[in-house]
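Have a look at the structure below before the remarks.
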Amino acid sequence: MSLLSSAPGRVNLLGEHVDHQGGVVLPVAIHLRTTARYEPGEAWEISSDGHEPGGAWERYVRAVIDEMGEAAEPGRLEIASTVPEGAGLASSAALEVAVAGALAPELPSLEVALLCRRAENARVGVPCGLMDQVASACAIAGHAVVLDCASETFFHLPLPEMEMLLFDTGVRRTLLGSPYAERAREAATPGTAAARHVAEERARVDRAIACLDKGDARGLGALMLECHGSLRDLYRCSFAEADDLVATLARTPGVFGARLTGAGWGGSVLAIVERGTRLEGSTLLLSDDGLGTTYAGPGP
């Protein structure tokens, strides 16, 4: 019997780079997803549509398998995805969660997220927080996940009357080899610019939660613009293409707010807009449920 597991990417409305500092974040799972098909066998056979064996993508798959230990029984794993890599949409977390869901379908969603975060921290070497994995495993369609990364607890809040547009800048990055780890260490050092960003971003998240409670998309958008300025000037993870795009969007009718989404040094810009607003070069993002698994029937 083969098992099919699917997990979404995510965007983060607010709370950038506070997850690895134990803050509160507001991610939303999106309709772009990664799928893992697993069939038991005598040895591991791992493949991915459009990828050569042994690439960086396989490192994340192996990390989940290694973290599971003897609970992961060998077999064939086939990966497919519509989440673009390096676009700031948590493609690595979607891959991890999809694989874990295929190998351990009985595992509760939060346990899946925790396992995948451990795998990425210890076995890939990226000191990420829990946000991406929780968004991919624990989301509810039409809601933001309000995740406290210190207590590892969360709840859901409905999204305001708005739509989400994604603009891919075309600038790619991977967290491995980027200043991500260096900046995370700086953020934990009082008095640094990165630590100031984290402190101010925590306060913005508190205000954003109040906006979600009231259904205030315009107020949320203003906070997103503030966040982008801080990512540019204090955390120093933005780049010219994103800065120019956010400045243009801030002047565009129908746009409530916009900011770089994802860890930075490449990726995409997220804009929240009035319903029905369509802008050239954008992709409409639909919010999605988190991890789902279904038995797919006998394997080939």
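The values are calculated or read from the model by the stated rules, or taken from the named source; none is laboratory data. Predicted, not measured: the structure shown is a model, and the values here were computed from it. No Cβ is skipped: glycine too gets one built from the backbone with ideal geometry, and neighbour counts run over all protein chains shown.
A few comments on the model shown:
- The range 44-81, subset exposed (fewer than 14 other Cβ atoms within 10 Å of the Cβ) and either touching a residue at least 40 places away in the same chain (Cβ under 8 Å) or under 18 Å from the mean Cα position of the chain (by Cα) (or both), residue farthest from Asp132 (Cα to Cα): Asp66
Every residue, every condition in (1) at pLDDT below 95; (2) crowded, with 16+ Cβ neighbours inside 10 Å; (3) under 28 Å from Thr283 (Cβ atoms), yes or no:
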position: Leu166; (1), (2), (3): no, yes, yes
position: Leu176; (1), (2), (3): yes, no, yes
position: Glu186; (1), (2), (3): no, yes, no
position: Gly191; (1), (2), (3): no, no, no
position: Ala194; (1), (2), (3): no, yes, no
position: Ala208; (1), (2), (3): no, yes, yes
position: Ala222; (1), (2), (3): no, yes, yes
position: Cys227; (1), (2), (3): no, yes, yes
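- Checked against (1) within 17 Å of the chain's Cα centre (by Cα); (2) assigned to a loop (DSSP other than H, G, I, E, B); (3) not polar (S, T, N, Q), Arg275 passes all but condition (1).
- Remark: Val126 matches the filter, which requires a residue to be under 15 Å from the mean Cα position of the chain (by Cα), hydrophobic (A, V, I, L, M, F, W, C) and under 18 Å from Trp57 (Cα atoms).
- Residue match in the range 8-27 (condition: surrounded by fewer than 17 Cβ atoms within 10 Å (Cβ to Cβ) and within 24 Å of Gly170 (Cα to Cα)): no
- Condition check for Val112: closer than 29 Å to Ala217 by Cβ and surrounded by 24 or more Cβ atoms within 10 Å (Cβ to Cβ): no
- Count of residues meeting criterion [buried (at least 18 other Cβ atoms within 10 Å of the Cβ), in contact with a strand residue (DSSP E or B) (Cβ under 8 Å, 6 or more places away or on another chain) and not aliphatic (A, V, I, L, M)] in the range 210-220: 0
- A count restricted to the range 140-159 and to residues that are part of a loop (DSSP other than H, G, I, E, B), touching a residue at least 60 places away in the same chain (Cβ under 8 Å) and of a type outside the set (A, V, I, L, M, F, W, C) stands at 1.
Every residue, every condition in (1) under 18 Å from the mean Cα position of the chain (by Cα); (2) part of a loop (DSSP other than H, G, I, E, B); (3) in the same structural domain as Phe167 (by TED's automatic domain parsing), yes or no:
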| residue | (1), (2), (3) |
| --- | --- |
| Pro253 | no, yes, yes |
| Ala258 | yes, no, yes |
| Gly264 | yes, yes, yes |
| Leu279 | no, yes, yes |
| Thr294 | no, no, no |
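- Test for Asp132: is it within 12 Å of the chain's Cα centre (by Cα), acidic (Asp, Glu) and not assigned by TED's automatic domain parsing to the domain that holds Ala188: yes
- Residues in the range 38-96 that are in contact with a Ser or Thr (Cβ under 7 Å, 6 or more places away or on another chain), modelled with pLDDT of 95 or more and among the aromatic types (Phe, Trp, Tyr): Tyr38, Tyr60.
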